[in-house]
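Note sheet for the following structure.
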Amino acid sequence: MERSCPNETFLSLMQTSKSIQERIKDSITNYSLSMTEFSVLEALYHKDMQTIHEIGKRILITSSSMTYVIDKLVEKGFAKRIACPNDRRAIHIALTDKGNSLLEEIMPKHQEWVNSFFDELDRTEMDQLKMLLQKVKIRTEI
């Protein structure tokens, strides 16, 4: 017996999110990066030096997984660890020159490509979509 989805909006949101993630994943594999590695580099590129905890909150990954990803990025020469001068327990993560150069190459093309996903929407629709998604997000955080 086939059952219909009780919430078509939720299903559509999940399918759209998955489709976008798969397209981004396909794009960044050209740079020998995993989706998580790219997400960390992107967070560092937009917000500069951060702690592992801050990056994890921003890209929704646990600290234990973050340590592995950071290790890989350091190993590849894209990121570095910097001791926090105010808190000896904290370690900041920053882009290296190599990581910054890579992101300077990737991000303009990536941003243009991501923007193309929304070409069918006009400014009003974009604003409405953003507002509606923010309303749903707030409800998930209660």
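The values are calculated or read from the model by the stated rules, or taken from the named source; none is laboratory data. Keep in mind that what you see is a predicted model, and the values were worked out from it rather than measured. With ideal geometry, Cβ positions are generated from the backbone for all residues, glycine too; neighbour counts draw on all protein chains shown. Surface areas here come from the heavy atoms of the whole protein model, side chains and all, with no ligands, DNA or RNA. Shrake-Rupley method; radii C 1.70, N 1.55, O 1.52, S 1.80 Å.
Observations, loosely collected:
- Phi to ³J(HN,Hα) by Karplus 6.51 cos²θ - 1.76 cosθ + 1.60 over region 8-24, Hz, x for Gly, Pro: 5, 5, 4, 4, 4, 4, 5, 5, 5, 4, 4, 4, 4, 4, 5, 5, 5
- Most mobile listed residue (Met107, Met66, Met126) in the chain, GNM with C-alpha springs under 10 Å: Met126
- Extension gain, Arg58 back to Gln21 (0.36 nm per residue minus Cα-Cα distance, nm): 11.7 nm
- Computed over the chain with a Gaussian network model linking Cα atoms closer than 10 Å, the most mobile of Arg58, Arg88, Arg23 is Arg88.
- Distance between the 7 Å Cα→Cβ label points at Asp97 and Lys109: 2.3 nm.
- Accessible area per residue in Å² at 1.4 Å probe, computed on region 18-138: 68 Å²
- Extending 7 Å from the Cα toward the beta-carbon at both Ile142 and Tyr31 defines two label points whose distance is 3.9 nm.
- Ser12 paired with Glu75, simple spin-label distance in nm, labels 7 Å along Cα-to-beta-carbon: 4.3 nm
- Over every Cα atom in the chain, the radius of gyration and the widest Cα-Cα span, Dmax, amount to 17.9, 62 Å.
- Surface calculation, 1.4 Å probe, protein heavy atoms: Asp127 sits at approximately 80 Å² accessible.
- Candidates Leu132, Leu95, Leu11, ranked by Gaussian network fluctuation over the chain, Cα under 10 Å, top entry: Leu132
- Each part gets one Cα centre, and for region 1-73 versus region 75-142 those centres are 10 Å apart.
- A simple rule links phi to the HN-Hα coupling: the Karplus curve 6.51 cos²θ - 1.76 cosθ + 1.60 with θ = phi - 60°, which for region 113-127 gives 5, 4, 4, 5, 4, 9, 4, 6, 9, 8, 4, 4, 5, 4, 5 Hz, with x for Gly and Pro.
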